[in-house]
Amino acid sequence: MVTSTPTHSRVAVTDAAASLLRELSAQHGALMFHQSGGCCDGSAPMCYPVGMFIVGPSDVHLGGLGVGLPRPIDVYISEAQFEYWKYTHLTIDVVPGRGAGFSVEGPTGNRFIIRSRMLEEVELQHFGLR
């Protein structure tokens, strides 16, 4: 099952990923995601404690993930990567395996991944893409 906050959102989270995020939040405090555009981790969603990754003025806020914590987990993407993905809806999921060492889930034996789908016509209109 996928959990999404607003009616029209650009980002959602699966129940499995939400469960892991609650565990990681208990250990690390408030969390945030930055959708990587390549380099070390391919296009992996990177999860950091708030303040450990500095969001720049060109990063795009995709939305907040409501996972049953006091505050949503914000998700950002670089402006350049957003240009490639602006017509897609992203869902953060988790699978067994080990990603690179920068994201907080690394020691758990799991890694966050992105699943994507094309935005539907009503979403395209909502986001001003039609």
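List of remarks:
- Verdict on Gly56 being at pLDDT below 90, in a loop (DSSP other than H, G, I, E, B) and closer than 25 Å to Leu129 by Cα: no
Conditions (1) modelled with pLDDT under 95; (2) among the acidic types (Asp, Glu); (3) over 23 Å from His8 (Cα atoms), marked per residue:
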| position | (1), (2), (3) |
| --- | --- |
| Gly68 | yes, no, no |
| Val75 | no, no, no |
| Ser78 | yes, no, no |
| Gln81 | yes, no, no |
| Trp85 | yes, no, no |
| Thr91 | no, no, no |
| Gly97 | yes, no, yes |
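- Residue in the stretch 118-125 that is closer than 23 Å to Leu24 by Cβ and either modelled with pLDDT of 95 or more or not aliphatic (A, V, I, L, M) (or both) present: no
- Any hit, the stretch 100-120, residues being part of a helix (DSSP H, G or I) and β-branched (Val, Ile, Thr): yes
- Unique residue being more than 26 Å from Thr7 (Cα to Cα), in contact with a strand residue (DSSP E or B) (Cβ under 9 Å, 6 or more places away or on another chain), in a helix (DSSP H, G or I) and among the hydrophobic types (A, V, I, L, M, F, W, C) when the list is Leu20, Leu24: Leu24
- Per the listing Leu24, Leu90, Leu69, Leu65, the residue uniquely more than 13 Å from the chain's Cα centre (by Cα) and in contact (Cβ under 8 Å) with a residue 60 or more places away in the chain is Leu24.
- The stretch 3-17, subset in contact with a Ser or Thr (Cβ under 9 Å, 6 or more places away or on another chain) and part of a loop (DSSP other than H, G, I, E, B), residue modelled with the highest pLDDT: Arg10
- Residue among His61, His28 that alone is touching a Phe, Trp or Tyr at 6+ places or on another chain (Cβ under 8 Å), surrounded by fewer than 19 Cβ atoms within 10 Å (Cβ to Cβ) and modelled with pLDDT of 95 or more: His61
- Index of the failed condition, Pro107 passing every other in (1) in contact with a Leu (Cβ under 8 Å, 6 or more places away or on another chain); (2) without any contact (Cβ under 8 Å) to a residue 12 or more places away in the chain: (1)
The values are calculated or read from the model by the stated rules, or taken from the named source; none is laboratory data. Quick caveat, the model's predicted, so the values are computed rather than measured. Because the Cβ atoms are built from the backbone with ideal geometry, glycine has one as well, and the counts that use them run over all protein chains shown.
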